[in-house]
Amino acid sequence: MANASSKRVKSSDIELKDRLVGVQRVTKVTKGGRAFSFTAIVVVGNEKGVVGYGLGKAKEVTDAITKAIEDAKKNLVKVCIVNGTVPHAQEGKFGGSLVFLKPASHGTGVIAGGAMRAVLESVGITDVLAKSKGSSNPHNVVKATMDALLNMRDAISVAQQRGITMEKVFNG
């Protein structure tokens, strides 16, 4: 399996687009009453194979979103895309969320729900079949989708890992 540290990308000189996945109001109950704050989860990507997600917490919604965007820019990774879809079927898991990604033919579109759609569109995938199972918590769904994308391998990397030619990968 590929590890995330080998796929890290610097955020400088990349045109990134951000997508807000979710904002939640959270409450801390203290002796003096309730203290309200906000958490935001944001996905950023260049729609050409680079994506990252970030979490932000603040007293105001706009500050939480800004912090989440900055956090996402620090966690960018490169994902392999083949002809606008994923190279092979892959499952991803994080916490109680389980996601399944499957390649789709050109013209299918992104068949995925909320949090998964944000990640897949940010990375630049245009055709994919996806299913989210288990928990629908947006934080865990985003992390499970990233797990599935980071475990994807294209034919070139498989050939290099095995030390064989591309023809041998496909012909056995």
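Worth a mention:
Residue by residue, here is whether (1) out of contact with any Pro (no Cβ under 7 Å at 6 or more places or on another chain); (2) under 23 Å from Ser135 (Cβ atoms); (3) among the small types (Gly, Ala, Ser); (4) surrounded by fewer than 20 Cβ atoms within 10 Å (Cβ to Cβ) holds:
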{"residue": "Phe36", "(1), (2), (3), (4)": "yes, no, no, yes"}
{"residue": "Asp71", "(1), (2), (3), (4)": "yes, yes, no, yes"}
{"residue": "Val77", "(1), (2), (3), (4)": "yes, yes, no, no"}
{"residue": "Val86", "(1), (2), (3), (4)": "no, yes, no, no"}
{"residue": "Glu91", "(1), (2), (3), (4)": "yes, yes, no, yes"}
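- Put simply, of Gly92, Gly134, Gly124, Gly84 the only residue that is over 21 Å from Val9 (Cβ atoms) and not hydroxyl-bearing (Ser, Thr, Tyr) is Gly134.
- Residue in the range 133-140 that is under 20 Å from Gly22 (Cβ atoms), small (Gly, Ala, Ser) and part of a strand (DSSP E or B) present: yes
- When the range 113-125 is filtered for residues that are under 18 Å from Val79 (Cα atoms) and outside any helix (DSSP H, G or I), the ones remaining, listed by number, are Gly124, Ile125.
- Candidate set: the range 41-69, residues that are in contact (Cβ under 8 Å) with a residue 40 or more places away in the chain and in contact with a Phe, Trp or Tyr (Cβ under 6 Å, 6 or more places away or on another chain); chosen: the one surrounded by the fewest Cβ atoms within 10 Å (Cβ to Cβ): Ala64
- Matching entry among Ser97, Ser105, Ser122 (being touching a residue at least 12 places away in the same chain (Cβ under 8 Å), small (Gly, Ala, Ser), out of contact with any helix residue (DSSP H, G or I) (no Cβ under 8 Å at 6 or more places or on another chain) and surrounded by 19 or more Cβ atoms within 10 Å (Cβ to Cβ)): Ser122
- Here Gln90 meets the list (1) modelled with pLDDT of 95 or more; (2) touching a strand residue (DSSP E or B) at 6+ places or on another chain (Cβ under 6 Å) almost entirely, failing just condition (1).
The rows are residues; the columns are (1) in the same structural domain as Ile125 (by TED's automatic domain parsing); (2) out of contact with any Lys or Arg (no Cβ under 9 Å at 6 or more places or on another chain); (3) of a type in the set (A, V, I, L, M).
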{"residue": "Val23", "(1), (2), (3)": "no, yes, yes"}
{"residue": "Lys28", "(1), (2), (3)": "no, no, no"}
{"residue": "Arg34", "(1), (2), (3)": "no, no, no"}
{"residue": "Val43", "(1), (2), (3)": "no, no, yes"}
{"residue": "Glu47", "(1), (2), (3)": "no, no, no"}
{"residue": "Val51", "(1), (2), (3)": "no, no, yes"}
{"residue": "Gly54", "(1), (2), (3)": "no, no, no"}
{"residue": "Ala58", "(1), (2), (3)": "no, no, yes"}
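The values are calculated or read from the model by the stated rules, or taken from the named source; none is laboratory data. Keep in mind it's a predicted model, so treat the numbers as computed, not measured. FYI the Cβ positions are ideal-geometry reconstructions off the backbone, even for glycines, and counts take in every protein chain you see.
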